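Step one of this worksheet: look at the structure below.
The values are calculated or read from the model by the stated rules, or taken from the named source; none is laboratory data. Just so we're clear, the structure is a prediction, and the values are computed from it rather than from any experiment. So basically every Cβ, Gly included, is an ideal-geometry build from the backbone, and we count neighbours across all protein chains shown. Each accessible area value is taken on the protein alone, full model and side chains, heavy atoms only, with ligands, DNA and RNA left out. Shrake-Rupley method; radii C 1.70, N 1.55, O 1.52, S 1.80 Å.
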Amino acid sequence: GAGVSQSPRYKVAKRGQDVALRCDPISGHVSLFWYQQALGQGPEFLTYFQNEAQLDKSGLPSDRFFAERPEGSVSTLKIQRTQQEDSAVYLCASSLPGANVLTFGAGSRLTVL
Amino acid sequence: AQKVTQAQTEISVVEKEDVTLDCVYETRDTTYYLFWYKQPPSGELVFLIRRNSFDEQNEISGRYSWNFQKSTSSFNFTITASQVVDSAVYFCAAGSSGSARQLTFGSGTQLTVLP
């Protein structure tokens, strides 16, 4: 596609529910990133894929967070047993191989009640 | 690892004024990249500029200009003759030139341009 597409744009979950956030990167972008942006803060790195390989997951805050990109294209960020502190905007970004200019999607805003 | 500090949380100016957004970075890398992104109310981060650590030449693009000074570890962003459409949150970020591709962002500066 022309840009990075994320869905859903808005998600409200009750505490304890599992959620799945989808990212469709720009065609041909082998690198894919997930960031978490809390209200009033800058984005913080969660995890990075090169094709289907998850090369860095050092930013995932707990083992409740899991990301996958099984075919090297679409990626899903899953949060299990959501907590209120998980409320944030989750941004996906992609880039060409070897480049570090990231193209971001509009994000998925998660609110945990 | 990098650290990026944007000390200005909010700035408000009147249209046509010039405004400078400050960015100070810390890094142990000898080669690194610096970025500015704009985040309008729609939420999508829009890339504005990337600067390599070995290139201290200042850059101008229309009403935008960037001043990179390694001696003070600063990468400041100036908007000349600001417009209402410039209202957004602006983020400075730093990235490594190595295999790690993630960016470290500052906390952002909310710019409001009043008509």
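Can you give the FRET efficiency for A:Thr76 and A:Ala38, using 1/(1 + (r/R0)^6), R0 = 22 Å, r = Cβ-Cβ distance, to the nearest 0.05?
0.55
May I ask for the Rg/Rh ratio of segment B:1-87, computed from Cα atoms with Rh as the Kirkwood radius, given to two decimals?
Rounded to two decimals, Rg over Rh is 0.96.
For segment A:1-47, compute the orientation-averaged projected area of the C-alpha convex hull (one quarter of its surface), in nm².
That works out to 4.4 nm², a quarter of the Cα hull's surface.
Quick one: net charge around A:Asn51, please, counting Lys, Arg +1 and Asp, Glu -1 for every other residue with C-beta under 10 Å from its C-beta. Before the final figure, lay out each step's value.
Numbers: positive: A:Arg69; negative: A:Glu52, A:Glu71.
That sum, taken over residues with Cβ under 10 Å, equals -1.
Between A:Ala99 and B:Glu15, what FRET efficiency comes out of the Förster formula 1/(1 + (r/R0)^6) with R0 = 41 Å and r the beta carbon distance, rounded to 0.05?
0.70
With the crude spin-label approximation of a point 7 Å out along Cα→Cβ, what separation in nm comes out for A:Asp18 versus B:Asn67?
5.4 nm
What whole-number value in Å² describes the accessible area per residue of segment A:2-113 for a 1.4 Å probe?
On the way: 5320 Å² over 112 residues.
Result: 47 Å² per residue.
Calculate the radius of gyration of the Cα atoms of the protein assembly as shown to one decimal place, then report Dmax, the largest Cα-Cα distance, as a whole number, both in Å.
Looking at the protein assembly as shown, its Cα Rg and Dmax stand at 17.7, 51 Å.
Give me the summed buried accessible area for the B-A pair, 1.4 Å probe, to the nearest 100 Å².
Buried surface at the B/A interface: approximately 1600 Å².
State, in angstrom, two size descriptors of chain A derived from its alpha carbons: Rg to one decimal place and Dmax to the nearest whole number.
Over chain A's Cα set, Rg and Dmax evaluate to 13.1, 40 Å.
Hey, with R₀ at 30 Å, roughly what FRET efficiency would B:Val24 and A:Ala53 work out to, going by the Cβ-Cβ distance, to 0.05?
After rounding to 0.05, the efficiency reads 0.30.
In the protein assembly as shown, what percent of the accessible surface is made up of carbon and sulfur (1.4 Å probe, ligands and nucleic acids excluded)?
47 percent
Say the cut-off is 25 Å between C-alpha atoms; which of A:Lys14/B:Lys3; A:Lys11/B:Lys3; A:Lys57/B:Lys70; A:Lys14/A:Lys78; A:Lys11/A:Lys57 go over it? Walk me through the numbers on the way to the answer.
Values: A:Lys14/B:Lys3 34 Å; A:Lys11/B:Lys3 31 Å; A:Lys57/B:Lys70 31 Å; A:Lys14/A:Lys78 15 Å; A:Lys11/A:Lys57 23 Å.
Violating the 25 Å limit, Cα to Cα: A:Lys14/B:Lys3; A:Lys11/B:Lys3; A:Lys57/B:Lys70.
Give me a single rounded figure for A:48-58: the average over its residues of other chain Cβ atoms within 10 Å of their Cβ.
1
Quick one: accessible area per residue over segment B:34-115, 1.4 Å probe, rounded to a whole number of Å²?
Values: 3450 Å² over 82 residues.
With all protein chains present, segment B:34-115 gives 42 Å² per residue.
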